[in-house]
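**Q** Could you have a look at this structure, given as structure tokens, before my questions?
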Amino acid sequence: MRTIETRVLPQASPGTRRSLKILRYGEAGDRPKAYLQAGLHADEAPGYAVLHALIQKLDTAATQGSINGEIIVVPAANPIGLDQWRDDMLHGRFDFVNSINFNRQHHDLIDRLIEAVGPKLGDDVEKNVAAIRTCTAELLAALRPDNEAATLKQLLLSLSHDADIVLDLHCDLEALMHVYIGTPLWPKAEDLSAQMGAEATLLAGDSGGTPFDEANSRPWWVLAEQFQDHQIPPACLAATVELRGFSDTDPEMIERDSDNLFDFLQRRGFIDGEPDKLPTLINGATPLTGVDYVKASSAGIIVYLKKLGDTVAKDESIAQIINPLPEHGDQQLVEVKSGTDGLLFSRNADRFARPGKIIAKIAGSKPLTETEGHLLTL
Ligand SMILES: [Zn+2]
């Protein structure tokens, strides 16, 4: 059956307290283990709705006794961000305390893990996996975060790091369904993108900034690289699933997305029974280094010339920026062009541009930079 645990965060202000609700199917420590969360960026609505629907389906499966292993669901992963209302709008991406993105700077334990686990590794893959998980748990438990958000990040990673599957549900501004995942996890994770109907899958070994999915998955391939004499598999399939755009909460989308998550878990052995046939992957994965973050070069009003899902060519105009008050030789109309051949998968939700603002994302197969490490937006 399902249990609900409430973990209280340290007080940030006298008289107030926030807590995290954790739903668990199966017993703590059962294998395999899956972990799903929504709302790490607290103002991204679709994930909450999709997990709400998934929980109904998992409850039914639990009643029928057909859940295997442990499934943890955190329906609202960021109670701090959920409380950040200003001017009648929820602002859940950056911490009001220090402007840190809630999906960056998750605890990076890799250096300490290399030191602590090195002497414990041997020839047995399963023992290596177990030793790495135990070591990670100990390192996490020893952290003494000094603020509320860092405590929340410690708690979330403590719940997820030893899972076989970690799905962090997000959304973009206006976007197609897309998935961010570690390069070493591909193509074994192709069934995730195919099942979700992702139109873009973006691969990186180190996107930079330690987002939650990489805090879970990246230690495995760094350790494998560091200790090449020992067998260390990429034992945590962690992905950031972008459930389209901010306002995509139509009932049929929620139903389809929650069905797809259920089918994915079923195919991976967490739920008895046969899932529906795996849909064909819509588009192959492309490197995150191949994403063109198209920036406006001038201030004004954005008029898009291309739609989500359009295939565009390098140097093709995707938008115009209208300056209603041109002065000193400013152009009234500036064309914004694609920097690559690829798929337009994300656009800005508002229509105001300033120089340097990202107004679109285009997934191309050709890397636009040789180095990883600084590949995510603010
Ligand atoms: Zn997000």
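**Q** Express in % the proportion of alpha carbon pairs of the stretch 47-199 at distances exceeding 19 Å.
**A** The calculated P(r) of the stretch 47-199 puts 68 percent of pairs beyond 19 Å.
**Q** Could you tell me which residue out of G205, A116, V8 lies farthest along the dipole of the chain toward its positive end? Charges go on the beta carbon: Lys and Arg +1, Asp and Glu -1, centred on the Cα centre.
**A** V8
**Q** Oh, and also: Mind listing the long-range amide H neighbours of I318? Cut-off is under 5 Å, sequence gap 5 or more, other chains count too, H placed in the peptide plane at 1.01 Å from N.
**A** Under 5 Å from the amide H of I318: V336, K337, S338.
**Q** As a quick test, which of the pairs K153/K337; K277/K366; K21/K120; K57/K188; K153/K295; K120/K366 have an alpha carbon distance above 29 angstrom in this structure?
**A** Violating the 29 Å limit, Cα to Cα: K153/K337; K277/K366; K21/K120; K153/K295; K120/K366.
**Q** Can you tell me how the stretch 289-363 classifies by the Cα gyration tensor, rounded, prolate or oblate, using a/c under 1.5 as the rounded cut? Walk me through the numbers on the way to the answer.
**A** Values: a/c = 2.12, a/b = 1.96, b/c = 1.08.
The shape class here is prolate.
**Q** Going by a ≥ b ≥ c, the root eigenvalues of the Cα gyration tensor, does the stretch 1-53 fall in the rounded group (a/c under 1.5), the prolate group (a/b larger than b/c) or the oblate group?
**A** Details: a/c = 2.60, a/b = 1.34, b/c = 1.94.
Note, shape of the stretch 1-53 comes out oblate.
**Q** At 7 Å along the Cα-to-beta-carbon direction for both S99 and A142, put a label point, then send me their distance in nm to one decimal.
**A** The modelled label-to-label distance comes out at 3.4 nm.
**Q** For the stretch 182-209 and the stretch 273-320, compute the distance between their C-alpha centroids and round to whole Å.
**A** 16 Å
**Q** A follow-up question, please. Pick from D172, D315, D95 the residue whose mean-square fluctuation is largest in a GNM of the chain, springs joining Cα atoms under 10 Å.
**A** D315
**Q** Something else now. Taking every DSSP beta bridge with both residues inside the chain, roughly what % is antiparallel (nearest 5)? Before the final figure, lay out the partial values.
**A** On the way: 42 of 66 bridges.
Counting only bridges with both partners in the chain, antiparallel ones make up about 65 percent.
**Q** Could you give the nm distance between label points at T3 and A130, where each point is 7 Å from its Cα heading toward the beta carbon?
**A** Label-label distance for T3 and A130, simple model: 2.2 nm.
**Q** What number, in percent, do you get for the relative contact order of the stretch 289-363 if the mean sequence gap of Cα pairs under 8 Å and at least 6 apart is divided by its residue count?
**A** Details: 185 pairs, mean separation 33.1, N = 75.
Relative contact order here is 44 percent.
**Q** Hey, another quick one. Could you tell me the relative contact order of the chain? Use alpha-carbon pairs under 8 Å, at least six residues apart, and round to a whole percent.
**A** 17 percent
**Q** If the convex hull of the alpha-carbon atoms of the stretch 240-298 is projected onto planes in all directions, what is the mean projected area in square nanometres?
**A** Hull-based average projected area comes out at 6.6 nm².
**Q** Still on this structure: What shape does the stretch 135-196 have by the C-alpha gyration tensor, where a ≥ b ≥ c are the square roots of the eigenvalues, rounded means a/c under 1.5, and otherwise prolate means a/b greater than b/c and oblate the rest? Let's see the in-between values first.
**A** Working: a/c = 3.48, a/b = 1.67, b/c = 2.09.
Cα axes put the stretch 135-196 in the oblate bin.
**Q** Can you give the percent of C-alpha pairs in the chain whose distance is more than 29 Å?
**A** 44 percent
Throughout, read-outs are computed from the coordinates displayed, never taken from laboratory work. Here the structure is a predicted model, which means the values were calculated and not measured. So basically every Cβ, Gly included, is an ideal-geometry build from the backbone, and we count neighbours across all protein chains shown.
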